[in-house]
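The values are calculated or read from the model by the stated rules, or taken from the named source; none is laboratory data. Values in this document were obtained by computation on a predicted structure and should not be read as measured data. Because the Cβ atoms are built from the backbone with ideal geometry, glycine has one as well, and the counts that use them run over all protein chains shown. For accessibility, only protein heavy atoms count, side chains too; no ligands or nucleic acids. Shrake-Rupley method; radii C 1.70, N 1.55, O 1.52, S 1.80 Å.
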Amino acid sequence: MNIRKGLVLSLLVLFAGTGFLFASGGQEEQAAPAAESLPYEGKVLHFAVMADQYADYIKEISSEFQAATGAEVKVDILGYVELSQKITQDYATGSADYDLATVDIVWTGQFEQEGYTKDLSAWIERDKEEIDYDDIVPVMWVMGGWNGKQIAYPMSGYANSLIYRKDLFEDVDEKAAFKAEYGYELSTPDTLDQLADIAAFFTRKDESMYGLVSNGARGSAVAQDWMEYMRAFGGQIIQDGEVTIDSAECKAALELFVQIFDDWAPSGAIGYWWDDRETAYRTGQAMMQQSWSIARSGYENEEISLVAGKTGMAIPPTAPGVDVGYGVGGWGVGINADSSEENAEIAWEFIKFMTSKEVMKDWMMNDGAPIRYSTLKDPDLNAEMPWLSNILNSFENGDGDYRPRIPEYNEIQDIVGLRVNQAITHELTVDEALAAAAEDIKAIF
Amino acid sequence: MYLFQQKSFDKKKRTLIYFLVPITVYMLVFFLYPVLYNLFIGFFDLKLGGTAEFVGLDNYRKMAGDEQFLNSLITTMVFVFCAVSVELIFGLAIAGLLNSENKKMEILRTFILIPTVFTPLVAGLVWKSLYHPDMGMVSYYLRALGINIGRGLIVERHLALLSVIIVDVWEWTPLMVIILLAGLKSLPKNPYEAAMIDGAGAVQLFFRITVPLLKPTLLVALLIRSLDALKVFDIIWVITGGGPGTSTTVANLRIYEVGMNQLQVGYAAALSNGLLVVGIIVGLIFVKFIYSKEG
């Protein structure tokens, strides 16, 4: 009898505790009553955000949005792999945990095909004037669209750039030594051969100086960095419906890529993700890297950079006969297809608020990335960030499709991430790695 | 009188059954259901969020020819064998040292458990920073001692698996110590006294008396650790992500990639069923030894 009493008592305590928790949760959802004028008072949205430089300020934007509308947008900052997996599972299972999510532009094909995010076209058309449609650089619209649907709204535009140590490139002694060794002037490289010469010249391992660095970690990191070089050689993973990753151009790209890790990069680069690569540059170990423009402001922040005031930014070099490449990437923001009508409408209001001209300008001063002409041409911002004209140039000539934004992109990236890593670690030869990658990719279709 | 006793017995029995209800429900919901569901979806071509098509044994046929999965199974076996063997040797040695009753040993016994308290994820992050090829303390001192670690412990193919085995040994040897220490403490004193009277030395005592008497405990410790090591995922995921190349891609990591990156949950379920079979075989081998005459 005592045992039974004990069990009953335990259950009561359990239910009371659970009830209390639910009651607390309910209070959170309902929030406190406030001014009558706020249209979305008490509403809560959840936003999955990629842990990039721009992420922290989104919390500030969220607070401003709450003050203006009453709706709270809870920001969940996640790493690249974690974000991809979490939102994909959320979308695929229809659980609608996140109303909003940052969308890498390479996911647009998959998201459209699977119906993961809402088509924003009707909203954009309705509010075209309010969002000042033409102020957003056209390539940004293209990157968030697929099959005539706008599945992600432009949020943060990135230009792929060659980042280099301007102070060393302008150093008189270095210039003289380079000319004596290679027979031409040291300047930002136009060709990949010049890039190789400069990388070799600045690699002085006994001084912990490394000429060129790339991501080497197996997975998305190494896959995406290798694709930059593939583009520079004029290679493509898929061309006219055929798998062409084992082409001569891709082979040349992989050979150069292997050489980066063998000869010019810090010893640990084979395990580098984006943040490791940036750290290698900011700590003065690496002299050059191909990187996204979102990281550019960070080089001037003396709290995290030892190379403040010493960085130059240029268009990445290409192989002879290959057009100058203006690689463009970045992040859009999508609304979960399973979000309720009401939440989706609030999410749309938040997107407009977050990407408005005024907010974008503030955001730029806090590690944001531009999407608008008005931001890129803003005199105040240009005074602070003289490199914005380079980014504008890249955007106006930009190519966001050198990484295939097709629905199968994630599987392709997985394959490339493994095979390229096997090549740089010499588990496979360049030919073996590309042949295996081609075979694996063909098996997807 | 008899009836009263019978009634009392039934009441006790009922009470005992009440106590068993929570664990039975727990096992049904959190163990049996997932296993059965996993077996079920292993027969389907199922992509997460997509439609399911019954494909019979196709996933298992594909598994038999899946070079990446088979290689990951071999890597898993190497990991299990090396990690558990070293843990057993170290565990036995340390348990022997701690097998005396004094204050110092009691304190040491408490401290030695610290690595086991770390969640593998945190342990992995700590070791990843120690192993960092450019800035890690371990890499620095190994190079300072003139040891050739190439580009770094976790970025060289021939060193990466060894590096994660070391982490596993660091984390789980204490568990082995505790199990074996309990075994050592339960051993009878008489055989030792008799052997010493007969002039047996320390080595003879260890191999002729301690090891045979400790055999059941050793087998249980090996069984627990082997099955646990077979499931390894987190420390490898955090430290190497399965690389460089495929050098640390264990079976669970491959299954995770297929299920979570490629969203091929039907095939991933079949792969995990394959790993389950391997686990059952390993378990049965140990159980056979434990219940054998010698055991």
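Scanning the range A:202-218 for residues that are surrounded by fewer than 19 Cβ atoms within 10 Å (Cβ to Cβ) and outside any loop (DSSP other than H, G, I, E, B) yields a total of 5. Entry remark, the range A:77-86: residues being over 12 Å from the mean Cα position of the chain (by Cα) and either surrounded by fewer than 17 Cβ atoms within 10 Å (Cβ to Cβ) or within 12 Å of chain B (Cβ to nearest Cβ) (or both) number 3 in total. Is it fair to say B:L161 is over 21 Å from A:T279 (Cβ atoms) and touching an Asp or Glu at 6+ places or on another chain (Cβ under 7 Å)? No.
Apart from one condition, B:L214 fits all of (1) within 14 Å of chain A (Cβ to nearest Cβ); (2) open to solvent by less than 20 Å² (accessible area, probe 1.4 Å); (3) of a type outside the set (G, A, S); the exception is (1).
Against the criterion of being within 14 Å of chain B (Cβ to nearest Cβ), over 17 Å from the mean Cα position of the chain (by Cα) and surrounded by fewer than 21 Cβ atoms within 10 Å (Cβ to Cβ), A:V243 does not qualify. Hey, does the range A:414-427 have a residue that's open to solvent by 20 Å² or more (accessible area, probe 1.4 Å) and more than 24 Å from the chain's Cα centre (by Cα)? Yes: the range A:414-427 contains one or more residues that are open to solvent by 20 Å² or more (accessible area, probe 1.4 Å) and more than 24 Å from the chain's Cα centre (by Cα). Only one entry in B:G65, B:G49 is within 14 Å of another protein chain (Cβ to nearest Cβ) and on the phi > 0 side of the Ramachandran plot, namely B:G49. B:L153 meets all of the listed conditions (1) part of a helix (DSSP H, G or I); (2) within 14 Å of chain A (Cβ to nearest Cβ) but one, namely (1). Total residues in the range B:74-95 satisfying the condition of being farther than 14 Å from B:I236 by Cβ and either crowded, with 16+ Cβ neighbours inside 10 Å or among the hydrophobic types (A, V, I, L, M, F, W, C) (or both): the figure is 14. Scanning the range A:208-229 for residues that are more than 14 Å from chain B (Cβ to nearest Cβ) and more than 18 Å from the chain's Cα centre (by Cα), we see that the one that is farthest from A:P407 (Cα to Cα) is A:G211.
Table: residues versus (1) modelled with pLDDT under 95; (2) closer than 28 Å to A:A92 by Cα.
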{"site": "B:V35", "(1), (2)": "yes, yes"}
{"site": "B:G49", "(1), (2)": "yes, yes"}
{"site": "B:G56", "(1), (2)": "yes, yes"}
{"site": "B:I74", "(1), (2)": "no, no"}
{"site": "B:V86", "(1), (2)": "no, no"}
{"site": "B:A95", "(1), (2)": "yes, no"}
{"site": "B:M105", "(1), (2)": "yes, no"}
{"site": "B:I114", "(1), (2)": "yes, no"}
{"site": "B:V117", "(1), (2)": "yes, no"}
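Of all residues in the range B:276-294, those satisfying the criterion of being open to solvent by 20 Å² or more (accessible area, probe 1.4 Å) and touching a residue at least 24 places away in the same chain (Cβ under 8 Å) are B:L276, B:V278, B:V282, B:F286, B:V287, B:F289, B:I290, B:E294. Considering the range A:89-113, the residues that are in a helix (DSSP H, G or I) and without any contact (Cβ under 8 Å) to a residue 60 or more places away in the chain include one that is nearest to the chain's Cα centre (by Cα), namely A:Q89.
Within the range B:244-264, being of a type in the set (A, V, I, L, M) and open to solvent by less than 30 Å² (accessible area, probe 1.4 Å) holds for B:V250, B:A251, B:L253, B:I255, B:V258, B:L263. Screening A:Q285 with (1) polar (S, T, N, Q); (2) within 14 Å of another protein chain (Cβ to nearest Cβ); (3) surrounded by fewer than 17 Cβ atoms within 10 Å (Cβ to Cβ) gives one miss only, at (3).
Residues of the range A:363-400 that are touching a residue at least 60 places away in the same chain (Cβ under 8 Å), on the phi < 0 side of the Ramachandran plot and of a type in the set (D, E): A:E396, A:D399. No other residue among A:W274, A:W292 is hydrophobic (A, V, I, L, M, F, W, C) and open to solvent by less than 40 Å² (accessible area, probe 1.4 Å) apart from A:W292. Would you say A:N343 is part of a helix (DSSP H, G or I) and open to solvent by less than 70 Å² (accessible area, probe 1.4 Å)? So A:N343 fits the description; yes. Looking at the range B:107-137, which of the residues that are within 13 Å of chain A (Cβ to nearest Cβ) and assigned to a loop (DSSP other than H, G, I, E, B) is nearest to B:E156 (Cα to Cα)? Among residues in the range B:107-137 that are within 13 Å of chain A (Cβ to nearest Cβ) and assigned to a loop (DSSP other than H, G, I, E, B), the one nearest to B:E156 (Cα to Cα) is B:P133. For A:V322, state whether it is aliphatic (A, V, I, L, M), open to solvent by less than 60 Å² (accessible area, probe 1.4 Å) and in a strand (DSSP E or B). When the stated conditions are applied, A:V322 does not pass them. Taken together, B:L125, B:L145, B:L130, B:L121 contain a single residue that is open to solvent by less than 50 Å² (accessible area, probe 1.4 Å) and modelled with pLDDT of 90 or more, which is B:L130. Consider A:S62 carefully, then state whether it is assigned to a helix (DSSP H, G or I), more than 20 Å from the chain's Cα centre (by Cα) and surrounded by 17 or more Cβ atoms within 10 Å (Cβ to Cβ). Spelling it out, A:S62 is indeed assigned to a helix (DSSP H, G or I), more than 20 Å from the chain's Cα centre (by Cα) and surrounded by 17 or more Cβ atoms within 10 Å (Cβ to Cβ).
Quick one: is A:K357 open to solvent by 40 Å² or more (accessible area, probe 1.4 Å), more than 14 Å from every other protein chain (Cβ to nearest Cβ) and touching a residue at least 24 places away in the same chain (Cβ under 8 Å)? Yes; evaluated as a whole, the condition is true for this residue.
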